[in-house]
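The values are calculated or read from the model by the stated rules, or taken from the named source; none is laboratory data. What you are looking at is a predicted structure, and each value in this text was computed from that prediction instead of being measured. Because the Cβ atoms are built from the backbone with ideal geometry, glycine has one as well, and the counts that use them run over all protein chains shown.
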Amino acid sequence: MKIAKSYQKDVFCLEGDWNSNLLKQNSVIGALEFLKINRKIDFIHRHCGTRENLAFYLKQWQLKRYSNYSICYLAFHGKPQQIMINKEPVTLDELAEMMGNQCHNKIIHLGSCQTLNTDKRHIKRFLRKTNALCVCGFEEEIKFVEGSAFDILLIDLFQEFLDVSRVEAHIQKYYKTFAEKLQFKLIHL
C-alpha cells in the first residue's frame, strides 16, 4: 500500500472547455478557490484546449518546484476509459504515456464523466505505468454542480489522511449514497 508523504496536498488542475459557446463560463475554478479560502489548499489552474497543451502541462507538473501539488485534477468531458479535449479522445493509456512513471506520491483525480467506466485491470495498468498513489473518478454521467461538490469533499478528505485507503473507507462510511449516485471509484495498488 502506498502512503502519501504529507497531509497538505495542493492541487494542479487542468481543465478543458465545457461548452463550445464561449459565452458560457462553466469552470471548476470556483471549487478550487473555495478550498483555498476555507482549507488553505493552494492550486495551479490551466485551461487545455489541445492534446499537446495537456502533455506540456503534465510535464511541467512533474518539475521539482511543483512537488507540493500532489493532486492532479483533470477536469474534462469524458467517455469510458478516456478524457475528451475538444471532442478528441485521450485514452488512459495515452494519458499514462504523457505522465510517464514520475507520479510518485501523486493522486490523480479524473473529474470527468464515465472515464473510469472500464475494467479495473485497465485502471491498475494506468497506476503501474504512472506510479501514482491512486486514481479516482466517475463511471457515469454526472451533473456539473454535483460533481464539483463531490470534488471539494474529496480533495478535502485527501488532506486528512496519508493512507488513500482511509479516504476510500471514509467516503463509504459518510458519503456512500452520494458516491454511489455519482458512481465514484477510487483505485490504488
- When you look at Gln159, is it in contact with a Pro (Cβ under 7 Å, 6 or more places away or on another chain) and at pLDDT 95 or above, yes or no? no
- Tally time: how many residues in the stretch 17-32 are buried (at least 20 other Cβ atoms within 10 Å of the Cβ) and part of a loop (DSSP other than H, G, I, E, B)? 1
- For Cys13, the lone unmet condition from (1) over 17 Å from Phe138 (Cβ atoms); (2) within 16 Å of the chain's Cα centre (by Cα) is (1)
- Query: Quick one: is Leu157 surrounded by fewer than 21 Cβ atoms within 10 Å (Cβ to Cβ), in contact with a His (Cβ under 8 Å, 6 or more places away or on another chain) and not hydroxyl-bearing (Ser, Thr, Tyr)?
  - Reply: yes
- Query: What are the pairs, 6+ residues apart or on separate chains, where a residue within the stretch 59-70 that is under 16 Å from Asn131 (Cα atoms) and hydrophobic (A, V, I, L, M, F, W, C) has its Cβ under 7 Å from a residue that is assigned to a helix (DSSP H, G or I) and modelled with pLDDT under 95?
  - Reply: none
- Task: Only residues that are under 24 Å from His77 (Cα atoms) and in contact (Cβ under 8 Å) with a residue 40 or more places away in the chain: list them for the stretch 150-177, please.
- Result: Asp151, Ile152, Leu154, Ile155, Asp156, Phe158
- Query: Right, Leu186: under 13 Å from the mean Cα position of the chain (by Cα) and over 21 Å from Leu54 (Cα atoms) or not?
  - Reply: yes
